[in-house]
1. What's the exposure ranking of Arg102, Arg155, going from fewest to most Cβ atoms within 10 Å?
2. Just grab the label-to-label distance for Lys76 and Arg149, each label 7 Å out from Cα along the Cβ direction, in nm (one decimal).
3. Taking only Cα atoms, what is the 0 to 90° angle, nearest 10, from helix 116-128's long axis to the longest principal axis of the chain?
4. Within 10 Å, count the other beta carbons around each residue, average over each peptide in 45-51, 118-124, 16-22, and list them highest first.
5. Rounded to the nearest 10 degrees, what's the angle between the helix 36-54 long axis and the longest principal axis of the chain, both from Cα atoms, 0 to 90?
6. I want to check the label-to-label distance for Ser2 and Arg109. Put each point 7 Å from Cα in the C-beta direction and report it in nm to one decimal.
7. Mind pulling the angle between the C-alpha long axis of helix 58-69 and the longest principal axis of the chain? Nearest 10 degrees, somewhere in 0 to 90.
8. Roughly how many debye, to the nearest 20, is the charge dipole of the stretch 21-154 about its Cα centre, given +1 on each Lys and Arg Cβ, -1 on each Asp and Glu Cβ, and no other charges?
Amino acid sequence: MSRRRPAVPRVIPPDARYGNLELAKFINRLMQRGKKTTAQRIVYKAFEIIEEQSNRDPVEVFEQAMRNATPMVEVKPKRVGGATYQVPTELRRNRAEALAQRWIIRGARGRSGIPMRNGLAQELMDASRGEGSAVRRKDELHRMAEANRAFVHYRR
């Protein structure tokens, strides 16, 4: 953390097609090597696939997927004496959203053998139903935090 001045968060404009700020952040996180138009094409094609297959509003599916994949707590290692404890800590909203987006993208990329747009569409639909690898990771993290609840008094 810088000692000079507080970090100023960047203002990200909402995405062009749906006017959704969270979707714009998702597109930016999906982007590789500065290729934003490619990332937008992947997301918008995935949304078309979602609309075809589920007959639901794709933005609704995306928001539901984000809600289902967003964690409330995480565990952070804290060294006390000679031992390292996994201490559960509550998450700030932007950190929780970042983790959820990262997990959804990782889950989509992990579906090998199919194009990214199809993998992303499947991962978003799975997450909106409470399934998929992103939701599994969230549940795993929550279980870990629950198991280490005894160390909550070590919180910073």
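1. Numbers: Arg102 14, Arg155 11.
Starting with the residue having the fewest Cβ neighbours, the order is Arg155, Arg102.
2. 2.1
3. Tilt relative to the chain: about 60 degrees.
4. On the way: 45-51: 19.3, 118-124: 23.6, 16-22: 13.9.
Highest to lowest by the protection proxy: 118-124, 45-51, 16-22.
5. Here the helix axis deviates by roughly 80 degrees.
6. In this crude spin-label approximation the distance works out to 2.7 nm.
7. 20
8. Numbers: 26 positive and 16 negative charges, 160 e Å.
Dipole magnitude for the stretch 21-154 comes out near 760 debye.
Read the figures in this text as sums done on the coordinates, not as results from a lab. What you are looking at is a predicted structure, and each value in this text was computed from that prediction instead of being measured. Virtual Cβ from ideal backbone geometry, glycine too; neighbours counted across all protein chains shown.
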